[in-house]
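Participant: Before we start, here is the structure in question, set down as structure tokens.
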Amino acid sequence: MSFSARTVAFLAQLRDHNDRDWFRVNRAAYDEALMPEAKAFVVAMGHALAAHTSDLHAEPRVNGSLFRIHRDTRFSKDKRPYKDHLDMMFWVGDGRSRERPGYFFRLTPDRVHLGAGSHGLDKAELGRLRDAVAGGPGVALQALVEDLRGAGYEVGGQTYKRVPRGYDPNHERADLLRHSALFAASDTPHPPGLGGVGFVGWCDAHFRAVAPLLAWMREHVTD
């Protein structure tokens with residue numbers, strides 16, 4: 001499964017005309033191209049991911065694997081009503097999709113952003129992450145992070161300026177102790193195969209590369 005030129009054009013036009021009147025006039029492109037392609041991609045990608053990741057959830061519906069295109073503007077200065085990109089989540093384990101780690105995917109008018117991990121941890125998970133980083137499991141994590149960065153992946157989630165209280169500020173993995181989340185991602189221009197049958201395989205190759213980080217998190221933090 002892939003994404004057509006019509007879907008990409010819709011996202012590009014929405015970026016330039018992000019208002020309700022334009023969306024209402026052009027709603028057919030959203031209903032007839034973007035959503036059917038997005039749902040088909042969730043199904044195909046879910047099959048590929050399930051081949052190497054246990055307990056995977058891929059639900060081809062809005063508020064399942066698909067994010068709403070409407071933005072929540074209630075507490076934002078940015079009042080644009082729509083997202084000019086397509087977001088998806090393939091989560092692992094029991095629980096609500098947005099509260100679990102997993103694989104994430106974003107299609108913008110000109111780029112593909114995808115990766116694995118978690119963009120937010122609750123208090124208990126954050127404590128387990130810090131203990132794991134400071135202890136023996138942190139050695140494997142550090143090696144994994146270095147390998148991912150060496151392969152061109154961003155490792156994100158570091159939000160704290162200081163090592164949290166209770167941990168050695170001079171710890172050899174102090175940079176990882178400053179994380180409040182942990183994920184690895186790739187951000188690239190659209191590949192030549194975006195509209196072809198090989199796009200799912202292209203995405204899966206990236207997902208397989210970052211899957212060890214997700215596995216580490218499931219073992220030591222979230223499961």
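The values are calculated or read from the model by the stated rules, or taken from the named source; none is laboratory data. Owing to the predicted nature of the structure, the values given are computational and were not obtained by experimental measurement. Neighbour counts run over all protein chains shown; Cβ positions are idealised from the backbone, glycine included.
Participant: Within segment 168-194, can you find the residues that are assigned to a helix (DSSP H, G or I) and either acidic (Asp, Glu) or surrounded by fewer than 20 Cβ atoms within 10 Å (Cβ to Cβ) (or both)?
Facilitator: ALA174, ASP175
Participant: What's the number of the condition ALA116 fails, among (1) over 23 Å from ALA44 (Cα atoms); (2) surrounded by 14 or more Cβ atoms within 10 Å (Cβ to Cβ); (3) not aromatic (Phe, Trp, Tyr)?
Facilitator: For ALA116, the exception is condition (1).
Participant: Is there any pair with a first residue in segment 29-53 that is over 13 Å from PHE199 (Cα atoms) and a second that is among the β-branched types (Val, Ile, Thr) and in a helix (DSSP H, G or I) whose Cβ atoms are under 6 Å apart and which are 6 or more apart or on different chains, and what are they?
Facilitator: Sorted first by the residue in segment 29-53, then by its partner, the pairs are ALA33/THR7; LEU34/THR7.
Participant: Take the residues of segment 91-103 that are surrounded by 22 or more Cβ atoms within 10 Å (Cβ to Cβ) and within 12 Å of the chain's Cα centre (by Cα): which is farthest from ARG173 (Cα to Cα)?
Facilitator: By that ranking, first place goes to TRP91.
Participant: For segment 119-129, name all the residues that are basic (Lys, Arg) and surrounded by 12 or more Cβ atoms within 10 Å (Cβ to Cβ).
Facilitator: If the condition is that a residue be basic (Lys, Arg) and surrounded by 12 or more Cβ atoms within 10 Å (Cβ to Cβ), then ARG128 is the only one that fits.
Participant: Given the residues VAL197, VAL210, VAL163, which is the only one that is in a loop (DSSP other than H, G, I, E, B) and modelled with pLDDT of 95 or more?
Facilitator: VAL163
Participant: May I ask you to say which residue of HIS52, HIS57, HIS85, HIS70 is crowded, with 19+ Cβ neighbours inside 10 Å and not aromatic (Phe, Trp, Tyr)?
Facilitator: The conditions single out HIS57.
Participant: Anything in segment 27-36 that is within 16 Å of SER4 (Cα to Cα) and out of contact with any strand residue (DSSP E or B) (no Cβ under 9 Å at 6 or more places or on another chain)? List them, or say none.
Facilitator: ALA28, ALA29, TYR30, ASP31, GLU32, ALA33, PRO36
Participant: Here is a follow-up. Hey, could you check segment 130-167 for residues that are small (Gly, Ala, Ser) and surrounded by 14 or more Cβ atoms within 10 Å (Cβ to Cβ) and say which is farthest from ALA116 (Cα to Cα)?
Facilitator: Restricting to residues being small (Gly, Ala, Ser) and surrounded by 14 or more Cβ atoms within 10 Å (Cβ to Cβ), the top hit is ALA134.
Participant: If I ask for residues that are out of contact with any helix residue (DSSP H, G or I) (no Cβ under 9 Å at 6 or more places or on another chain) and either closer than 17 Å to GLY117 by Cβ or crowded, with 20+ Cβ neighbours inside 10 Å (or both), which ones from segment 195-207 would you list?
Facilitator: Result: HIS206, single match.
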